[in-house]
Amino acid sequence: MIGVYDSGFGGLDVLRHLRAALPKRDFVYLGDSGRAPYGGRDAHTILDFAEQAVERLFEEGCRTIVVACNTVSCVALRHLQQRYCGPDSDRRILGVTIPGAEIATQQSTGHIGIIATHRTVASGTYAAEIAKLGEHRVTQLATPLLTPIVEEGWEATDIALKAVDRYLERLPDIDTLLLGCTHYPLLLPAIQVRLPRGVTVIDPAPYVAGRMVAWLERHPAFDAPNPAGRGTLRVLCTGDPDAFARHGTRFLGTPMPPVQHVSEVDGRLAHRDPADAPSGQVVR
């Protein structure tokens, strides 16, 4: 069973490509929508949230986890791998930054632009990975308004066009644009309207899926497919399950299965019925 973890809805785009590439695999998706967005949070808070999320997925039976969130991949992936995936461990945690960097360098003729959250840009991870792969000019731009626009479902509005226009005017001479946040593929029509002809736009999700297929071929002992070939999907979220199911369909491209609610209890994510949540003044 493969786990996919994201700060909210955006990782469902990665999940969509993973399921298309691995139709017989069983997946569990965890969207931390109740605590999103991550992009403006400090690094230690991101580490705490990421630990809770991957531990929940391990408890759900996942042996391999894909961290779909660019912010977590840029800030916390190495920490998670060192904490949970020692040389003798039967667990693995993979990220999205290396596939994104690889395809960007393959497509670019010299100048790569990256739009992402503040924390992803501040980490410098994409720039460092691209520098390992060749001599490319890299310009990173934090675009914090774009994620809330997508979360609101406004990606096809004038608000989205105006925000994209204001941001991309700061990247005037790029030949390749890497979408460094899983929410941004839904803004692709607005982005393509703004970009000059000839600029290549890269959504890392399909390349992440391709790398996952290749990784499983090299490591066949990990997460062997269900003999019945069911291709099941379970979805967990920390926010409102009904809202998550409603918005998530836009990212997944198909109707969502019933969404289960998890919330933080004593430092870990546990299954909870949203109806049991206290209201009004609360004393513990």
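The values are calculated or read from the model by the stated rules, or taken from the named source; none is laboratory data. Worth saying up front: this structure is predicted, and the values here are computed from it rather than measured. Methodologically, a virtual Cβ is constructed for each residue, glycine included, from the backbone with ideal geometry; neighbour enumeration extends over all protein chains shown.
Among the conditions (1) touching a residue at least 40 places away in the same chain (Cβ under 8 Å); (2) outside the structural domain of residue 18 (by TED's automatic domain parsing); (3) surrounded by fewer than 17 Cβ atoms within 10 Å (Cβ to Cβ), the only one that residue 151 does not satisfy is (3). The set of residues from the stretch 244-269 being aliphatic (A, V, I, L, M) and surrounded by fewer than 14 Cβ atoms within 10 Å (Cβ to Cβ) comprises just one member, 265. Considering only residues in the stretch 29-51 that are buried (at least 22 other Cβ atoms within 10 Å of the Cβ) and in contact with a Gly (Cβ under 9 Å, 6 or more places away or on another chain), the one that is nearest to residue 210 (Cα to Cα) turns out to be 29.
Of all residues in the stretch 81-93, at least one satisfies being out of contact with any Leu (no Cβ under 9 Å at 6 or more places or on another chain), touching a residue at least 60 places away in the same chain (Cβ under 8 Å) and either hydrophobic (A, V, I, L, M, F, W, C) or buried (at least 16 other Cβ atoms within 10 Å of the Cβ) (or both).
State whether the residues of the stretch 186-195 include one that is of a type in the set (S, T, N, Q), under 17 Å from the mean Cα position of the chain (by Cα) and not in a loop (DSSP other than H, G, I, E, B).
No, that holds for no residue.
Within this structure, residue 142 fails the test of being crowded, with 17+ Cβ neighbours inside 10 Å, in contact with a helix residue (DSSP H, G or I) (Cβ under 9 Å, 6 or more places away or on another chain) and under 12 Å from residue 70 (Cα atoms). Screening the candidates 248, 267, 210, 253 for the property of being assigned by TED's automatic domain parsing to the domain that holds residue 34 and in contact with a Leu (Cβ under 8 Å, 6 or more places away or on another chain) yields one hit, 248.
So, restricting to helices (runs of 4 or more DSSP H) that lie completely within the stretch 5-106, which ones have at least 2 residues that are more than 24 Å from residue 202 (Cα to Cα) and either of a type in the set (Lys, Arg) or modelled with pLDDT of 95 or more (or both)? Lay out the reasoning, then the answer.
Numbers: elements: 11-21, 43-59, 70-75, 77-84.
Hits in the stretch 5-106: 43-59, 77-84.
The condition of being among the hydrophobic types (A, V, I, L, M, F, W, C) and in contact (Cβ under 8 Å) with a residue 24 or more places away in the chain holds for residue 146.
Only a single item in (1) exposed (fewer than 14 other Cβ atoms within 10 Å of the Cβ); (2) in contact with an Asp or Glu (Cβ under 7 Å, 6 or more places away or on another chain) is not met by residue 187, and it is number (1).
Scanning the stretch 135-155 for residues that are modelled with pLDDT of 95 or more and among the small types (Gly, Ala, Ser) yields one hit, 142. Residue 61 falls short on exactly one of the conditions (1) over 25 Å from residue 133 (Cβ atoms); (2) crowded, with 21+ Cβ neighbours inside 10 Å, and that condition is (2). Given the conditions (1) of a type in the set (Gly, Ala, Ser); (2) touching a residue at least 60 places away in the same chain (Cβ under 8 Å); (3) part of a helix (DSSP H, G or I), which single one is not true for residue 128? Residue 128 satisfies every listed condition except (2).
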